[in-house]
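Before any comments, here is the structure.
The values are calculated or read from the model by the stated rules, or taken from the named source; none is laboratory data. Values in this document were obtained by computation on a predicted structure and should not be read as measured data. When we count neighbours, we look across all protein chains shown, and the Cβ atoms used for this are built from the backbone with ideal geometry, even at glycine.
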Amino acid sequence: MAIHMSHKLSRSTIRLTNSPAIVASAAVGGKKEGEGPLASCFDILCDDTTFGEKTWEKTESRMQKDAVNKALEKAHLSTADIDFLFAGDLLNQCISSTYGLRDLEIPFLGVFGACSTMAESLALASLFVDNGIAVHAAAVTSSHFCSAERQFRLPLAYGGQRPPTSQWTATASGAAIIANDANGPFVKEICIGKITDMGITDANNMGAAMAPAAAQTLQTFFQDTGTSPADYDLILTGDLGQVGSSLLKELLNRENISILDNHNDCGLMIYDLERQDVHAGGSGCGCSASVLCGHILNEIRQKHLNEVLFIATGALMSPTSVQQGESIPGIAHLVHLSSVKWA
């Protein structure tokens, strides 16, 4: 098959002319995720939040390795078939990814986009395949409630009160394998976000910090492609939760863009907000990754959804920046998924 180069529509938006396919995906989750409304969509669930490991950080590494291996199994591929592996997570120096994937011996490119990492890694893997640099590429990320709380907020043993705006970091991982194939879902376009900072300093209000970035990326994509929200079956953000989703709609309404009819958020889908104590919803790299890889991609495969915009959002902070009183910059990357290739 002839390979045509990806086509830049603007500084931010790129059309993937060969429509690379996500040939397999897998989702791994913990106990709380197994009690949520999407439990049946996970490939692997474990009631033990340690997954049999000695530390939470090792647990997160284990989840990534399990997710990649399960996706490879579903694709009928081996680690030797993967040309490049794109991975990242929330922990310092992305140790969940490096320690979890080091034994796979796949050429590795670590990425960091905080909770936007699934969209970032998926976009990069798709670009490599679309331009013939890779035959097969993989994208994976993860998060763990306990490892994230230990790093970013209070020690778990402290028992601090969580405010209503806080979100529950998902104990989950998602992996996707990308190749040029006749069967979808297909990656048709990507839009790389810009860093957006509205001065939010509350580490317990990630939705407010990330919503402006999601609004900016969506506006850019609609302008660059000449499309509107009505052209898509689902506009899926992750993970803005209740607070961020409301703010996103308000920000877009100011620009006369309405997503009321077809918007959902991974942080609102992964848990039952009335029955499970997650406050404003779910968050963490693994939240949007597992919802995408375990649920949404299957909906596209079955053509229950045909045109989907996946916009993963991230808060680009560190424990040091929060302790120094810095504001929290946001980022949002977009991947246009479809059940059909470009004509």
Out of the residues in the stretch 222-280 that are small (Gly, Ala, Ser) and part of a loop (DSSP other than H, G, I, E, B), state the one that is farthest from residue 41 (Cα to Cα). 226
Output for the stretch 243-271, where each listed residue is under 17 Å from the mean Cα position of the chain (by Cα) and not acidic (Asp, Glu): 244, 245, 263, 264, 266, 267, 268, 269, 270, 271
Select from the stretch 26-48 the residues that are within 14 Å of residue 296 (Cβ to Cβ) and of a type in the set (A, V, I, L, M, F, W, C) and list them in ascending order. 26, 27, 38, 41, 42
Condition test on residue 79, is it touching a Lys or Arg at 6+ places or on another chain (Cβ under 8 Å), hydroxyl-bearing (Ser, Thr, Tyr) and not assigned by TED's automatic domain parsing to the domain that holds residue 224? no
Residues in the stretch 1-46 that are out of contact with any Pro (no Cβ under 6 Å at 6 or more places or on another chain) and assigned to a strand (DSSP E or B): how many? 15
Can you work out which of the residues in the stretch 174-194 that are among the hydrophobic types (A, V, I, L, M, F, W, C) and closer than 21 Å to residue 225 by Cα is surrounded by the fewest Cβ atoms within 10 Å (Cβ to Cβ)? 192
Of all residues making up the stretch 47-59, the number that are assigned to a loop (DSSP other than H, G, I, E, B) and on the phi < 0 side of the Ramachandran plot: 7
Answer yes if at least one residue in the stretch 214-224 is in contact with a helix residue (DSSP H, G or I) (Cβ under 7 Å, 6 or more places away or on another chain) and farther than 22 Å from residue 6 by Cα, and no otherwise. yes
When both residues are 6+ apart or on different chains and their Cβ atoms are under 6 Å apart, which pairs have a first residue that lies in the stretch 314-343 and is within 13 Å of residue 209 (Cβ to Cβ), and a second that is surrounded by fewer than 14 Cβ atoms within 10 Å (Cβ to Cβ) and at pLDDT 95 or above? 329/195; 331/195
What are the residues in the stretch 263-280 that are buried (at least 18 other Cβ atoms within 10 Å of the Cβ) and in contact with an Asp or Glu (Cβ under 7 Å, 6 or more places away or on another chain), if any? 265, 266, 267, 270
Quick check on the stretch 116-128. Is at least one of its residues in contact (Cβ under 8 Å) with a residue 40 or more places away in the chain and surrounded by fewer than 16 Cβ atoms within 10 Å (Cβ to Cβ)? no
If you scan the stretch 234-253, which residues turn out to be touching a Leu at 6+ places or on another chain (Cβ under 9 Å) and either surrounded by fewer than 18 Cβ atoms within 10 Å (Cβ to Cβ) or more than 18 Å from residue 188 (Cα to Cα) (or both)? 238, 239, 240, 241, 242, 245, 246, 247, 248, 249, 252, 253
Scanning the stretch 60-114 residue by residue, the ones that are assigned to a loop (DSSP other than H, G, I, E, B), hydrophobic (A, V, I, L, M, F, W, C) and in contact with a Gly (Cβ under 8 Å, 6 or more places away or on another chain) total 3
